[in-house]
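Report on the following structure.
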Amino acid sequence: MRYGRYFEAAIGQLRNERRYRVFANLERDTSDVPRATWRADDGSQRDVTIWCSNDYLGMGRHPEVVEAMRATAQ
């Protein structure tokens, strides 16, 4: 069996059904949550706000949360 052809066909089917997930090209700056820079395939870019993140409030940077993560990891 030619696995490459099988998977190419399966991915092609997903694309045809518009179910193939394409991730946005985002550049995130942890000091500026929830903002990011979105980069398009043509090289253009624009600032965006990301509200779907589990950390859109920036609590992952809160000193108490950081200390709890550090203490747990030790």
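Quick notes on this one:
- Scanning region 41-63 for residues that are basic (K, R) and closer than 15 Å to A24 by Cβ turns up just one, R46.
- Residues that are modelled with pLDDT of 95 or more and of a type in the set (S, T, Y) were ranked within region 24-56; the one that is surrounded by the most Cβ atoms within 10 Å (Cβ to Cβ) is T37.
- Condition check for E64: touching a strand residue (DSSP E or B) at 6+ places or on another chain (Cβ under 9 Å) and either loosely packed, with under 10 Cβ neighbours inside 10 Å or not in a strand (DSSP E or B) (or both): no
- Tabulated pairs, region 9-27, first under 22 Å from W38 (Cα atoms), second surrounded by 11 or more Cβ atoms within 10 Å (Cβ to Cβ) and of a type in the set (A, V, I, L, M), C-beta under 7 angstrom, 6+ apart or interchain: Y20/I11; Y20/L14; L26/A36; E27/A36
- Qualifying positions in region 11-23 - exposed (fewer than 10 other Cβ atoms within 10 Å of the Cβ) and in a helix (DSSP H, G or I): N16
- When restricted to residues that are under 12 Å from the mean Cα position of the chain (by Cα), in a loop (DSSP other than H, G, I, E, B) and aliphatic (A, V, I, L, M), region 24-52 contains 2.
The values are calculated or read from the model by the stated rules, or taken from the named source; none is laboratory data. Bear in mind the structure is a predicted one, so any value in this text is a computation, not a measurement. Neighbour counts are summed over all protein chains in view; Cβ atoms, including those assigned to glycine, are modelled from backbone coordinates with ideal geometry.
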